[in-house]
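Sharing a structure below in C-alpha cells format, with a few things to ask.
The values are calculated or read from the model by the stated rules, or taken from the named source; none is laboratory data. None of the values given here were measured: they were computed from a predicted structure. Neighbour counts are summed over all protein chains in view; Cβ atoms, including those assigned to glycine, are modelled from backbone coordinates with ideal geometry.
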C-alpha cells in the first residue's frame, strides 16, 4: 500500500472512531469482509420503497438519492413499487421533486447499477412487512416504539436482489431518521444548505455487515423556536422569498428548508416564526407541508390553540384590548375553536393556557380562576373537535409569570404536558417534584440560545457554552422533564453548533456525560470538515464557548474586564487574539469548498467576538489613559475606530458569501447598548476622549503608573508637592504574581528614562526612550529572594528619571515597594498560599474530597468562567446535611491576621443556577477550621415576574457571589470545608479575602498551590 493510500485509510479510520463515540457506524468507504458495495462513481445505488409509505419517507429517500450524488458524483436511482395511497402533491410541488419515482425518472442510472437500499415503515411498506413475515428482518426491539429503526444487511431480500441494506422504521420518523443516518455517514451534513457544509467525496460507499437498532429517543418531542427573528432573519427572508398578502415571506419555500434541517438533525418539532407572521395563514401550504415532512407543529408559549399572535390582530374581535378572557370570552372561544378545527388533520402539540397579548402578563395579579376557565374551555373545544381532549398532545408553558399560577395551586388536566422554563439565560427555573412526576402528560423544558429582554438582549452571535447546556438538560432528564424540549434559536444561523449539540443530546443523552463536549465537537468537526482538523477545531469551538459565555457580548462594556487589576483584560484579550489566529490558520488550510461553512460557523464568531472584546478593552484604556494624560490614549481611540470598521467589514464579508446568499443574516446591532435591555438602533462606539498631543504638557514628558491604581507620577499635585510624587506598589512576596509599572509619554518631546533600583530587584527593562508616538512600556518586577532573609521584610524604592528637564523639574518620581520574604513551614505540604491579602482557588483543586456513600463530587471540565465547575454526582440528591453530603476540603496558609472589625471573608463563585425545587432551595454549608458551620441559601425566590433576588447581576456576570464572614482569624494554616447540599449547586471558584481583593470580573487568579497539578508551573511564573 502506498503512502497516500495509508494516509487515506488512517484518516477514514480516525473519522469512524470519532463517529462511533456517539453514533454507531453502518457505512464504510473501503472493501472489507462482508461489506456490501452500495455505490461507486460509475454505479449508482438503487433505493427501493413502497409507494404506500408516508410522503415524508419518500421525500427523505429522494434526498438520500441526491446525497449519494453529492458524494460520488452520480445520483442514486429510486424505484417505487405499487401505487401510493397518501397524497404527496404539496410536498412534491414545494420542493420541486418529480413524482415520477421510477428509474429513468428524476434520477437516471449512470453505467452499471450499484447496490440496493430498501427503506420503509412497519405497517406501511409491503417490502418491510414481507421481510418481517419471512423471518429475514427482526424488528422485535422497535415494533410499536416511538421513532425507532433498525438497519441491517440482508441476503436475498427480494426476488432478483442478492443482498441489500434494509432500513425499517417503527413509524414514519423512525424510517426518516434511518435514511438520513445513511446520508450523514456517507458525508452529507444536516447543514449542507443552512450552513453550506460541503459534502465529502468518495469513490466507493459500502454498507457494513452489521445490524443497528436505534432506540426511541431520550426526549419525545425535540424542536426549536424561530424567534426574535428581526432584523436579521426577517430581512434575509424578505430579500429571498415573496411576501404574502399579509406582509410575511415566511412561507413554504422557506419552511421546506427548516423542516429538512430538523429531520436531518433527528428533531421532530417546531415553533414557527411569530413576530410578524402567521404560519397557518401566510402560506396555506405551510401546515400540510409540515405534516407531509412529518414535522410536529406547535406554537409558542404566548400563542394558544394553534393560532399565531398576529392572527388575533387580523381576524380577532376586539383588537389587542379584546385579548382578555374575563371580558371577551365568547370571541376568544370562537377564535380558539377555529384554530383547533384547522389543525385537526395534522400532527400538533397544542399550546393551552393564555398570556397577555404579545408576550406579556395576562393580568397584573395572579387570577387562577380566570386561567382555569381558559384551560377548561380549551378542553371543551378539543373534546368537540377531536372527540377526546385527553388524546390530543397538549402543552402548558409555565413561562415567566405563568409559573406563579401553578405555584398558587392552579390545576390543569394530567394529560397536559407541563413545560417548565429556564430564566432565558440557560438556568432552569423549575422541574417536576413529588406527584408532578406522575402526570400522564409528563413535563418538558423551554430553553434559550437567544433572548430579547431583561437585563439585556443577546441575539447577535452564538454565546452558548455547551457544557452548561448538557448539565442543565441532563438535570432535566434525570428529574423526568423529558416529554418535550424546545429551544429558542433566534435566527437559526448563528447557532448551528449549539443546535446540533442540543438535538444530539435530546436524541440520545445517555451517549454523553459531563466530559463529552470536546469529544462531541471533535466528532462533529470530523463529519463537517476533515478529520485532520477535528482536534484543532474542537479546541477552538470549546474555547470560544468558554470566552463568549463568560459574559454575553451585549453586556460587555469598557469597564467589564479590569485593565488595572490582575491584568484581567490583557489576558482575556490575549486569549481572543490567540483563538483568532488559530481559527484563521485552520480556515487558510481548508479547501475552498469548506471555507464558507467554516467562516459562518466558526471563523466569523471567533473574529467578530474577539474584535468586540478588543473594542471594549480599547475603550477602557482610552478613558483611563486619557485621564492620566498619556499620549497613548489616542492610539486606543484609533483602535476603537479601527475595531468598528473591522466589525463592519466582517459583516460585509458574511453578507457577500456565496453571491450574497446570507445577506442580512448579520444585521443585528450589538455595539452601543446603554444599560437598557433593548438593542441600540445604530452601532455606536464606547465613549472616547482625545488627548491634545501638539501642545506642551504641564506634567512634563514622562509619566509612571502602577497596577491597581489610576494614579500617576508626576500627578495632579506636583505644584504643591515636595517632589515628583510617589505611588505605592502592592505587596510583593514569593507567592505573588509579577508586579508591574507602566512608563509612558505625556508630552511633546522624546525622553530617555531610567529606573534606579537595588540589586536584588529584577526588572524586565530598566531604561529606554519614549517619543510622543511611542507605545507605553510595561515593566515587570521580580525579586532575587536569595538576597533577602527568609521570613523578613524590606522596603525599597524605584527612582525613575527622565532626560528632559521638564520631565524632572518637580523632582524624581518614585515607586514604593513593600517586600516580604514570607516563608511556609515545612509541615505545610499541600494547599494554597496567600497572595498578598487573598487566597484564590479553583473549585476542582480541592485538597481532599470524602464521598458520602454513593454520593461524591464530579468535575465539569471547561465549565464556567475560569476553569471548571464541581457539583454532586447525583442530580436527584436533595436536602443533604454535613452527614449525608460529600465533604470537600481546601487547605490554605495565610501570612495576614484579620482583625475582628474586618474579619476574614470567604466568597464562593457559583454558577447562576436556580431552585428547580422551590421547597428545597439551593444551598451549601461552609466551615472554617473548627468554627461553627454556616448554612447558606443563596438563591432567594420572589413572586413573578421578578426572578430571584440579585438575579440580574448574577446572569450578567454568569455567577452568583455568596460570602460568609468568619471574624478575627490568625495567620497560619487553615482548612475550609464545604458541603454542597442540593444537586443543582455548581461551584466554580473560592476567594478568601484577607483585605487584599481588588475589583475584577472573574475574581483574582488562582493563588500559588503547594502540591498537586500546577504547583511548579505557578512557581515558574513567580520568577523571571
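Of all residues in the stretch 839-861, how many are crowded, with 22+ Cβ neighbours inside 10 Å and either under 12 Å from residue 735 (Cβ atoms) or over 32 Å from the mean Cα position of the chain (by Cα) (or both)?
Total satisfying the criteria: 2.
Given the structure, is residue 836 more than 28 Å from residue 431 (Cβ to Cβ), touching a residue at least 12 places away in the same chain (Cβ under 8 Å) and crowded, with 22+ Cβ neighbours inside 10 Å?
Considered against the rule, which asks whether it is more than 28 Å from residue 431 (Cβ to Cβ), touching a residue at least 12 places away in the same chain (Cβ under 8 Å) and crowded, with 22+ Cβ neighbours inside 10 Å, residue 836 comes out as yes.
Could you please find all residues in the stretch 513-541 being surrounded by fewer than 20 Cβ atoms within 10 Å (Cβ to Cβ) and within 17 Å of residue 469 (Cβ to Cβ)?
Listed by number, the residues that qualify are 513, 514, 515, 518, 519.
Related question: State the number of residues belonging to the stretch 313-322 that are touching a helix residue (DSSP H, G or I) at 6+ places or on another chain (Cβ under 6 Å) and surrounded by 13 or more Cβ atoms within 10 Å (Cβ to Cβ).
Our first condition is that a residue be touching a helix residue (DSSP H, G or I) at 6+ places or on another chain (Cβ under 6 Å); within the stretch 313-322, this holds for 316-318, 322.
Imposing the further condition that a residue be surrounded by 13 or more Cβ atoms within 10 Å (Cβ to Cβ) reduces the set to 316, 318, 322.
Total meeting the criteria: 3.
So that you can scan it fast, the table gives a plain yes or no per residue for (1) in contact with a helix residue (DSSP H, G or I) (Cβ under 7 Å, 6 or more places away or on another chain); (2) more than 22 Å from residue 154 (Cβ to Cβ); (3) in the same structural domain as residue 167 (by TED's automatic domain parsing):
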position: 39; (1), (2), (3): yes, no, yes
position: 47; (1), (2), (3): yes, no, yes
position: 50; (1), (2), (3): yes, no, yes
position: 55; (1), (2), (3): yes, yes, yes
position: 64; (1), (2), (3): yes, no, yes
position: 69; (1), (2), (3): no, yes, yes
position: 75; (1), (2), (3): yes, yes, yes
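Show the residue pairs that are 6+ apart or on different chains and have beta-carbon atoms under 6 Å apart, the first residue being within the stretch 896-909 and assigned to a loop (DSSP other than H, G, I, E, B), the second being exposed (fewer than 12 other Cβ atoms within 10 Å of the Cβ).
897/970
So, one more: Based on this model, can you work out whether residue 237 counts as in contact with a helix residue (DSSP H, G or I) (Cβ under 7 Å, 6 or more places away or on another chain) and farther than 30 Å from residue 169 by Cα? Break it down stepwise before answering.
On the way: in contact with a helix residue (DSSP H, G or I) (Cβ under 7 Å, 6 or more places away or on another chain): yes; farther than 30 Å from residue 169 by Cα: yes.
Answer is yes for this residue.
Output the number of the condition that residue 356 fails; it satisfies all remaining conditions of (1) modelled with pLDDT of 95 or more; (2) on the phi < 0 side of the Ramachandran plot.
(1)
Something else about it: With respect to residue 912, is the statement that it is in contact with a helix residue (DSSP H, G or I) (Cβ under 9 Å, 6 or more places away or on another chain) and either at pLDDT below 95 or not in a loop (DSSP other than H, G, I, E, B) (or both) true? Give the derivation first.
Numbers: in contact with a helix residue (DSSP H, G or I) (Cβ under 9 Å, 6 or more places away or on another chain): yes; either at pLDDT below 95 or not in a loop (DSSP other than H, G, I, E, B) (or both): no.
Judged against the criteria, residue 912 is not a match.
What's the total number of residues in the stretch 554-584 that are crowded, with 21+ Cβ neighbours inside 10 Å and within 19 Å of residue 449 (Cβ to Cβ)?
Qualifying residue count, the stretch 554-584: 2.
Given the options 847, 884, name the one that is in the same structural domain as residue 948 (by TED's automatic domain parsing), at pLDDT 95 or above and within 20 Å of residue 1009 (Cβ to Cβ).
On inspection, the qualifying residue turns out to be 847.
With (1) within 26 Å of residue 228 (Cα to Cα); (2) not in a helix (DSSP H, G or I) as the list, and residue 630 as the residue in question, which single condition is left unmet?
(1)
Which residue is surrounded by the fewest Cβ atoms within 10 Å (Cβ to Cβ), if the candidates are limited to the stretch 2-30 and must be farther than 19 Å from residue 73 by Cα and modelled with pLDDT of 95 or more? Even if it seems obvious, please write down each step before you answer.
As a first pass, look at the stretch 2-30 and keep what is farther than 19 Å from residue 73 by Cα: 2-26.
Those left that are additionally modelled with pLDDT of 95 or more: 25-26.
Numbers: 25: 16, 26: 21.
Result: 25.
Look through 787, 756, 765 and report the one residue that is closer than 26 Å to residue 701 by Cβ and over 49 Å from the mean Cα position of the chain (by Cα).
Every option except 756 fails the conditions.
Shifting gears a bit: Only one of (1) touching a residue at least 24 places away in the same chain (Cβ under 8 Å); (2) surrounded by fewer than 17 Cβ atoms within 10 Å (Cβ to Cβ) is not met by residue 442, so which one is it?
Status for residue 442: all satisfied but (2).
Among the strands (runs of 3 or more DSSP E) lying completely within the stretch 138-233, list those that include at least 3 residues that are at pLDDT 95 or above, touching a strand residue (DSSP E or B) at 6+ places or on another chain (Cβ under 9 Å) and surrounded by 18 or more Cβ atoms within 10 Å (Cβ to Cβ).
149-158, 161-169, 204-207, 221-225
Moving on. Hey, among 314, 306, 370, which residue is under 18 Å from residue 412 (Cβ atoms), part of a helix (DSSP H, G or I) and in contact (Cβ under 8 Å) with a residue 24 or more places away in the chain?
370
Based on this model, can you work out whether residue 943 counts as in contact with a helix residue (DSSP H, G or I) (Cβ under 7 Å, 6 or more places away or on another chain) and not assigned by TED's automatic domain parsing to the domain that holds residue 559?
Answer is yes for this residue.
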